[in-house]
Structure formats: structure tokens, C-alpha cells
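The values are calculated or read from the model by the stated rules, or taken from the named source; none is laboratory data. Keep in mind that what you see is a predicted model, and the values were worked out from it rather than measured. Positions of Cβ are backbone-derived with ideal geometry, glycine not excepted, and every protein chain shown enters the neighbour counts. In case anyone asks, the SASA skips ligands and DNA or RNA and just uses the protein heavy atoms, side chains included. Shrake-Rupley method; radii C 1.70, N 1.55, O 1.52, S 1.80 Å.
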Amino acid sequence: AKVKGGDTVLEIGPGTGLLTEKLLARNSSVIALEYDKHWADELWNRYKKHKNIEVVHGDIRKYHLTNLAKDYKIVANIPYYLTANLLRKLVDTNNKPSTAALLIQKEVAHRIAAKPGDLSLIAVLVQLFYSVRLSIEVPSELFDPAPKVDSQILILKRLKMPQFQPTDEL
């Protein structure tokens, strides 16, 4: 996501805070949105004295992206079952992130980055508003517990204008 000082970053699912630590070291403002109450409490206890973090116990599916600063960024290790919901949310919001770096299932990342002729509906919707690039592959054995599939970082960069102006709301 090329996070730098002064950036506002929504970290979805920070868990133990390994990535959170790296984001804070870059002097960014971090909103750590954690669904699991245990991990949200742990993060709060760990960072409660840090001025650049807000720990939120909540669900990204219900979180209002419109409240975030303009040109915010997203970094996330997305549970596979939430990927389509999150991508749809990023398409539908009026306050789209400038950049999103999402660690998702490798096969899904490739479907989202597909070229014309191989595009799914969600790929068309995402590519309408974002340039899409594949980044680092992450083999399943690097996770604990290891999933049955590999992952890959998908980079989304908001376009200045949509690829075309739809005639109807999506």
C-alpha cells in the first residue's frame, strides 16, 4: 500500500497486531478494525497510549467507510469467506480508498485481475473503479493453521474516473 507518514490506514482484521506495529512505525494513523473481541481488547491494551491508533471492535460489513479521511488506504488479510463482500463494499462506497492491499485467496486474486474475455461480474465491478495488480504470493504453509490454498496480495489503486459511466446504479 506504500504507507507513509500522515496516511490514514484502515487495517481490517489486525489480529495480534504484527502488521499494525509496522504501520505505526511509518507514522501513519491506523484504524484497527477487529471482529474478534479478544483480539480487539488485546490490541487496545497493547496500544492504548499510542496517539496514532484507534482500535475498533466491529465487522467490516457494517463499518461506514464514509467516515474515513479522504484518500485513506486499506491493508488487510481477509478471511476468504469475506472477500466478495469487501470488494463489493469498496465498489459501492462513495469514499473509496486511494489504495487497498488485500491478502486474499490466490485463485480469487487472479480472477479479480483477469483480462477482458475472462472477467467475472465482481472483476468487472472492481476494475470499473480500480486498477488491479497482483503482488506477492504467500504459500499456505506460512500460515498457522495452514489453509488448503495459497494466498496472494491484490493491489487496488483507485482510478481518477470510472472506466465508463454506468447508465444505472450497480
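Here are some notes:
- Judged by the ratio a/c of the largest to the smallest principal axis of the C-alpha gyration tensor, segment 35-170 counts as oblate, that ratio being 1.5 or greater while a/b is no larger than b/c.
- Residue-averaged 222 nm ellipticity for the chain, from DSSP H runs of 4+ at -39500 (n - 2.57), nearest 500: -7500 deg cm²/dmol
- Largest mean-square fluctuation among 71, 118, 92, in a Gaussian network model of the chain whose springs join Cα atoms under 10 Å apart, belongs to 118.
- For segment 64-123, trypsin sites (Lys or Arg not before Pro) meeting the loop criterion (DSSP other than H, G, I, E, B) and having at most 10 other Cβ atoms within 10 Å: 70.
- The chain: most fluctuating residue of 79, 145, 14 per GNM, C-alpha cutoff 10 Å: 145
- Segment 26-67: C-alpha gyration tensor shape, a/c 1.5 cut-off, then a/b vs b/c: oblate
- The chain: antiparallel DSSP beta bridges as a percent of all, rounded to 5: 40 percent
- Within the chain, the longest run free of exposed loop sites, counting chymotrypsin sites (Phe, Trp or Tyr not before Pro) that sit outside DSSP helix and strand states (H, G, I, E, B) and have at most 13 other Cβ atoms within 10 Å, spans 1-142.
- Taking amide H as placed 1.01 Å from N in the peptide plane, the amide H of residue 77 sits under 5 Å from that of 12, 103, each at least 5 places away or on another chain.
- What the Cα atoms of segment 51-111 give is an Rg and a Dmax of 12.1, 39 Å.
- For segment 1-90, a/c is not less than 1.5, where a ≥ b ≥ c are the root eigenvalues of the C-alpha gyration tensor, and a/b does not top b/c. That puts it in the oblate class.
- Cross-link partners for residue 160 among the aspartates and glutamates, with Cα-Cα distance under 19 Å and sequence neighbours closer than 8 places in the same chain left out: 7, 71, 92, 169.
- Computed over protein heavy atoms with a 1.4 Å probe, the carbon and sulfur contribution to the accessible area of the chain reaches 53%.
- Spatial separation of Cα centroids for segment 8-57 and segment 99-161, in angstrom: 24 Å
- Dipole of segment 27-170 [Lys/Arg +1, Asp/Glu -1 at C-beta], most positive-end residue of 138, 75, 38: 75
- Across 4/51; 4/70; 89/148, pairs whose alpha-carbon gap is larger than 21 Å: 89/148
- Cross-link partners of residue 106 among aspartates and glutamates (Cα-Cα below 12 Å; sequence separation of 8 or more within a chain): 137, 150
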